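Everything on this sheet refers to the single structure shown next.
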Amino acid sequence: MLDAVESVRAAKPDAVRIDERYTHISGRHPCFSGEANVNRGRVHLPVSPACNIQCRFCRRAFAPVSAPDGGEQRPGVSAGLLRPREAADLVGRALELCPEITVAGIAGPGDTLATGHALETFGIIHREYPDLINCLSTNGLLLERYVDDMFRVGVRTVTVTVNAVDPLILERICSRVILDGVKYERAEGAAILIDAQKRGIRKAAALGILVKINIVFIPLINGDHIGGIARAAAECGAGIINIIPLIPQHEFARFPEPDCFELAQAREEAEHYLPVFRHCRADAVGVPGREDISSLFYGQREFEQTFSHG
Ligand code: SF4
């Protein structure tokens, strides 16, 4: 895999192109391809209420798994939680209004694999709309465990948020990890998460799933680590990277946001190893750049700007 990484480095700037093994997927996915970003649509479904780790920039603690109807939904920007059947019905209505939709995505608002809601939703959607690409975003803790199930219900693209590949850096970003009912903190928890992410990404890539890496860019913590994350991600088989500037919240409320120059530098650093793309909202509906029709489904509400896994 290292040779592949070196050849991508040598090929820059052509490295902004997604590996051709995945173009049949990326060409139909607006969040993975510049071309598809202007003529293909997606519907993002907020169905996952709970999380199994705690990122210090995320104000959500651990939401009740059962709440189907809203209340506080962090960190994804989403207007209300849907039940799996409701989400599948929404896909049907969205397709009637916007036939360009090619992707059904689940990005939160919690972690999509911490509860069974996302896989159940994709099971229904895959039966009823088999031509759609199903797309899932996760922190990666349970990716290896569930990736076969994901593939079975039509998931062909996955986004994994990887904020560091060094436990001593990640422990400053992620304060705890809950795995099989056991809480792990500090570097121990961070190391468990990093190992799980790498195994999950490798297995997803081996199945032919196109993997996008999200990095929350926090200049004071992982600012000098972006290239290291991108390199590790490429070595594991990821296909594209999306760098998301920190939205200062929760424990990081006083941290500075990256400026445009820092962000451009970080993207350039990552581009040595993988193509770089931008992220979407957790409940977006429609073709990027055109009118977002999510308000027809989720209503018009005011939302605090916050991190989205998408
Ligand atoms: S940002 Fe995502 S992965 Fe991190 S604690 Fe919040 S919901 Fe969980």
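Specify whether the C-alpha gyration tensor of region 74-158 places it in the rounded, prolate or oblate class, a ≥ b ≥ c being the square roots of the eigenvalues: rounded for a/c under 1.5, otherwise prolate if a/b is larger than b/c and oblate if not.
Working: a/c = 1.83, a/b = 1.28, b/c = 1.42.
In terms of gyration-tensor shape, oblate.
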If each part is reduced to its alpha-carbon centroid, region 99-120 and region 150-165 end up apart, in Å, by 11
For region 222-231, in residue order, the Karplus 3J(HN,Hα) values (coefficients 6.51, -1.76, 1.60; θ = phi - 60°; whole Hz; Gly and Pro = x) are 10, x, 9, 10, 4, x, x, 5, 4, 5
The alpha-carbon center of region 170-222 and that of region 235-260 are separated, in whole Å, by 14
Residues meeting the amide H criterion for Asn214 (H placed from the backbone, H to H distance under 5 Å, 5 or more places apart or on another chain) are Val160, Thr161, Val162, Asn242
Between Arg176 and residues 5 or more places away or on another chain, the pairs with built amide H atoms under 5 Å apart involve Gln54
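Assuming a ≥ b ≥ c are the square roots of the Cα gyration tensor eigenvalues, decide whether region 144-286 counts as rounded (a/c under 1.5), prolate (otherwise, with a/b larger than b/c) or oblate. Please report the intermediate quantities before stating the final value.
Working: a/c = 1.55, a/b = 1.17, b/c = 1.33.
Verdict is oblate for region 144-286.
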Going residue by residue through region 148-161, the Karplus relation 6.51 cos²θ - 1.76 cosθ + 1.60 with θ = phi - 60° gives ³J(HN,Hα) values, rounded to whole Hz and with x marking Gly or Pro, of 5, 5, 4, 4, 4, 9, x, 6, 10, 9, 9, 10, 10, 8
The answer for Ile101, listing residues at least 5 apart or on another chain whose modeled amide H is closer than 5 Å to its amide H, is Gly41
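We did not get these values from a lab; they are worked out from the coordinates using the rules stated. Here the structure is a predicted model, which is why all the values come from computation and not from measurement.
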